[in-house]
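The values are calculated or read from the model by the stated rules, or taken from the named source; none is laboratory data. Only a predicted model underlies this, so the values are computations on that prediction, with no experimental measurement involved. Because the Cβ atoms are built from the backbone with ideal geometry, glycine has one as well, and the counts that use them run over all protein chains shown. Ligands, DNA and RNA are stripped out before the accessible areas are found, and what is left, the full protein with its side chains, is counted by its heavy atoms. Shrake-Rupley method; radii C 1.70, N 1.55, O 1.52, S 1.80 Å.
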2 protein chains.
Amino acid sequence: MSRQAPTLEDVAREAGVSRATVSRVVNGVRNVDPAIQEQVQRAIERTGYAPNRAARSLVTRRAETIALVVSGAGSGPQETQEAFAARVFADPFFGRVVAGVVGFLRPRSMHPVLMFAESADDRHEVLTYLRQGRADGALVVSTHADDPLPTLLAAAKLPTVLFARPTPPVPLSYVDLDHRDGGRLAALALLERGCRRPATVTGPLAVSASQERLAGFRDTMARGGHPYVPLAEGGFTLDSGVFAMTQLLAEHPDVDGVFAANDLMAQGVCQLLRERGMRVPDDVAVIGFDDSGVARSCRPPLTTVRQPVERMAAEMARLLDQHIRGERTNPTSVVFDPELVVRETT
Amino acid sequence: MSRQAPTLEDVAREAGVSRATVSRVVNGVRNVDPAIQEQVQRAIERTGYAPNRAARSLVTRRAETIALVVSGAGSGPQETQEAFAARVFADPFFGRVVAGVVGFLRPRSMHPVLMFAESADDRHEVLTYLRQGRADGALVVSTHADDPLPTLLAAAKLPTVLFARPTPPVPLSYVDLDHRDGGRLAALALLERGCRRPATVTGPLAVSASQERLAGFRDTMARGGHPYVPLAEGGFTLDSGVFAMTQLLAEHPDVDGVFAANDLMAQGVCQLLRERGMRVPDDVAVIGFDDSGVARSCRPPLTTVRQPVERMAAEMARLLDQHIRGERTNPTSVVFDPELVVRETT
DNA sequence: TTGAAAGCGCTAACAA
DNA sequence: TTGTTAGCGCTTTCAA
């Protein structure tokens, strides 16, 4: 085999100083003579030294790593993790979460460990991973309301930040969006455009974000003179949007405005409408939610309620970092405001 | 603070044996009396012991972690890593890579560290990460042909497996698809359908996969009586597909069959065609490449050439694992075969 | 089959 | 400001 990787010892010998001194310059601790600093720096370059992380972690008790967990709520192995992962990334939402997290981590030379937790075994795996000190904390994005992971993490006192407020409450920090206000913005947009027969395709109603978006939408519609709004429940996928719209149309063929609880479903709604020969937005106005990539690539481009996922994810990482360093001990929450983005479907 | 996490020592004391014995049962080494094994097992449960990974890694010299690197070819910080990450995940391709990798890693209780390398700094970061022993090897997916990362990795003798054959050659294992054959399948499908005026929207021609797909397509078209096939270069994005098709139509308004080098561009082609009032497949047949999620959600569903990305990614992980364990020392390559998936655009 | 003991490479008191 | 030294928690010879 090739020779061993150089250690602190090697650098120290090369520079003619002690290991402690080399450690100090490596870690940028002050109180080191500039001349010696220079000397050590050169020795590091000559030897091609790279500090062994395991050794450092062993003493600092920090992995300088965080886990990014996408968590479902399955209890058995009904679905392989591979299938779950594939399904998850089909929604542009998760790519945005990754982008936001990476945006925060990158300047700190940190990189996330990606984990998918869909079964009880997976959840146990996440717990173990953290308890072994392989990661200092977890960022979790749940796809279901009754995800047991947050509770487990909180009970184990592991630093954690959630995307979205947990239901039931768990003493963990989280980042969220004012979904109700998002629903309100969507309703206002449809009302302003003069819609007379609005309808909505909701997200899974077990998810509180779906509930909130719906509540905000309904309340505002009620004030606008539409006490009853037909509704069909979707599953945040394109197909479910198509299906939900099919149902809606069956009972209310004269719908002239639809609020879909995410862009993917809104895209499905547009597809179906078009297949049925109805024009968007001339016959039916459509408004989505998220402002993900599909909103722009949809034909026509989608009017939608923007959720600043990247910023939210970066904020999650920032909060987790504070928890890990002990700069923050109590759970906190940060709620972002949605924003209407008008394109061509309204 | 809460009390320290239990160590081997604690378990040993609790079980009335030595640390060495506990270590043996934890690592499933044979030669341990079943009775004692049982005894230790219980002590582990009672104490809630979880082995400290840093300590273990320090002696085994294994992080039991691999890096999944998405690598561009930028040289400066023209684009933030966040923007790069967002762009990358806009293509369903990467989600499938993640899914495939996770599918292999999961049964081994391993999880990938996600890294994006778009600038020289990023690449240095990847090298350092591996040299520090934070990950045992890297899986790299390059988005550009002239990505310098593989060469750097090879020079540093770091275990690495690439997605796609590197150009110029680098002594590293890789997994690839027979792109030329994929182009052939696409041509055959169009020919069989009776297309008389075929055209193609290629991927970035700097990428060898694009070149190969094009070559296979052209050769087969030539044999089928179409020595010249109009072409427009795209960038693997939906927008570029729309743009390329616009160009094609401008010069060849009578096109009746289009092969787009990936599904995203094929979707763009379909959108434009529809906007121009041309029916798919009645007026123009369209065929994509990849068989990613968009192929199914596209209206009409896309006929496409399937690239088994998940299986390919899993194979990458398997090869890397072998390299890391020293079970394989020389670079190897595994080439998968494409497959035609007929849906409704031909 | 089990235990004693020597490190793995690093940081952080504590001394000098 | 620098060096000495004692571990961090684990695996792994080597003896018993």
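Of the residues A:VAL17, A:THR7, A:VAL170, the one whose Cα sits farthest towards the positive end of the charge dipole of chain A is A:VAL17 (charges of +1 on Lys and Arg Cβ, -1 on Asp and Glu Cβ, taken about the Cα centre). Taking A:ALA222, A:ALA73, A:ALA261 as the candidate residues, the one with maximal mean-square fluctuation in a Gaussian network model of chain A, Cα springs under 10 Å, is A:ALA222. The angle separating the long axis of helix A:120-131 from the principal Cα axis of greatest extent in chain A is about 40 degrees. In whole percents, the pair-distance distribution calculated for the stretch A:53-123 from its alpha-carbon pairs, binned every 5 Å from zero, is 3, 14, 20, 19, 16, 14, 9, 5, 0.
About its Cα centre, the stretch B:179-306 has a charge dipole of approximately 220 debye under the convention of +1 per Lys or Arg Cβ and -1 per Asp or Glu Cβ, with nothing else charged.
Counting only Cα atoms, I'd like the Rg/Rh figure for the stretch A:190-320, Kirkwood definition for Rh.
Details: Rg = 14.6 Å, Rh = 14.8 Å.
With Rh from the inverse mean 1/r over Cα pairs, Rg/Rh is 0.99.
When both the stretch A:228-269 and the stretch B:74-138 are represented by their alpha-carbon centers, they are found 37 Å apart. Across every pair of non-identical alpha carbons in chain A, the mean reciprocal distance, once inverted, gives a Kirkwood radius of 22.6 Å.
Run the helix sum for chain B: -39,500 (n - 2.57) per DSSP H stretch of 4+ residues, divided by residue count, reported at 222 nm to the nearest 500 deg cm²/dmol. Could the numbers behind the result be given before it?
Details: 14 runs with 159 residues, N = 346.
Computed mean residue ellipticity for chain B: -14000 deg cm²/dmol.
Across the identical copies, the 7 Å label point of A:ASN330, projected outward along Cα→Cβ, sits 6.6 nm from its counterparts, in ascending order.
Of the GluC sites (Glu not before Pro) found in the stretch A:271-346, those that fall in a DSSP loop while having at most 14 other beta-carbon atoms within 10 Å are A:GLU327, A:GLU344.
Over all Cα atoms in the protein assembly as shown, the spread is summed up by Rg and Dmax: 27.5, 85 Å.
Taking the label point 7 Å along Cα→Cβ, B:LYS157 and its counterparts in the other copies are spaced 4.5 nm apart, in ascending order.
What you get for the protein assembly as shown, charging only the Cβ of Lys and Arg (+1) and of Asp and Glu (-1), is a dipole of about 1920 debye around the Cα centre. Atom-type composition of the exposed protein surface of the protein assembly as shown places 49 percent of the accessible area on carbon and sulfur (1.4 angstrom probe).
Peptides A:52-65, A:22-35, ordered by how many other C-beta atoms sit within 10 Å of their residues on average, highest first, read A:52-65, A:22-35.
Using a 1.4 Å probe on protein heavy atoms only, how many Å² of accessible area do A and B hide from each other, summed over both chains and rounded to 100?
Working: alone 17240 and 17250 Å², together 30000 Å².
Roughly 4500 Å².
Axis angle, to the nearest 10 degrees, between helix A:263-275 and the longest C-alpha principal axis of chain A: 30 degrees. Contact residues in the stretch A:79-107 by the 50 Å² criterion (accessible area, 1.4 Å probe, full protein complex versus chain alone): A:GLN81, A:GLU82, A:PHE89, A:ALA99, A:VAL102, A:ARG106.
Full extension from B:ARG325 to B:VAL59: what is 0.36 nm times the residue separation minus their Cα-Cα distance, to one decimal in nm? Please list the in-between numbers first.
On the way: separation 266, 0.36 × 266 = 95.76 nm, distance 1.55 nm.
Length gained, B:ARG325 through B:VAL59: 94.2 nm.
Annotation: Cα Rg of the stretch B:195-271 relative to the compact-globule expectation 2.2 N^0.38 Å equals 0.99.
Considering only B:LEU58, B:GLY72, B:ILE36, and ranking their Cα positions along the charge dipole of the stretch B:31-169 that arises from unit charges at the beta-carbon of Lys, Arg, Asp and Glu, the one farthest toward the positive end is B:ILE36.
Among A:PRO159, A:ALA199, A:PRO300, which residue has its Cα positioned farthest towards the positive end of the charge dipole of chain A, with +1 placed on the Cβ of Lys and Arg, -1 on the Cβ of Asp and Glu, and the dipole taken about the Cα centre? In chain A, that residue is A:PRO159. Think of each Lys and Arg Cβ as +1 and each Asp and Glu Cβ as -1; about the Cα centre, that makes the dipole of the stretch A:156-216 roughly 180 debye. Counting Cβ atoms of other protein chains within 10 Å of each Cβ in B:228-238 and taking the mean gives 1.
Please calculate how many Å² of accessible area chain A carries per residue, with a 1.4 Å probe and no DNA, RNA or ligand atoms counted. Intermediate results must be reported in sequence, preceding the final value.
Working: 15000 Å² over 346 residues.
Per residue, chain A has an accessible area of 43 Å².
The trypsin sites (Lys or Arg not before Pro) found in the stretch A:277-346 that occupy coil by DSSP, while having at most 10 further C-beta atoms within 10 Å, are A:ARG279.
At B:HIS144, label 7 Å along Cα→Cβ: distances to the other copies, nm, ascending? Spacings between copies for this position, smallest first, are 4.3 nm.
Between B:TYR228 and B:ALA83, what FRET efficiency follows from the Cβ-Cβ distance if R0 is 35 Å, with the result rounded to 0.05?
Once the sixth-power term is evaluated, E becomes 0.35.
On full extension, the segment bounded by A:ASP337 and A:ASN27 gains 107.6 nm, given 0.36 nm per residue less the C-alpha separation. Among beta bridges identified by DSSP and lying wholly in the protein assembly as shown, the antiparallel ones come to about 10 percent.
Rg and Dmax of the stretch B:8-60, both derived from C-alpha coordinates alone, stand at 10.5, 30 Å. With axes computed from alpha carbons, what is the tilt in degrees of helix A:92-105 against the longest principal axis of chain A, rounded to the nearest 10 within 0 to 90? For helix A:92-105, the angle is close to 30 degrees.
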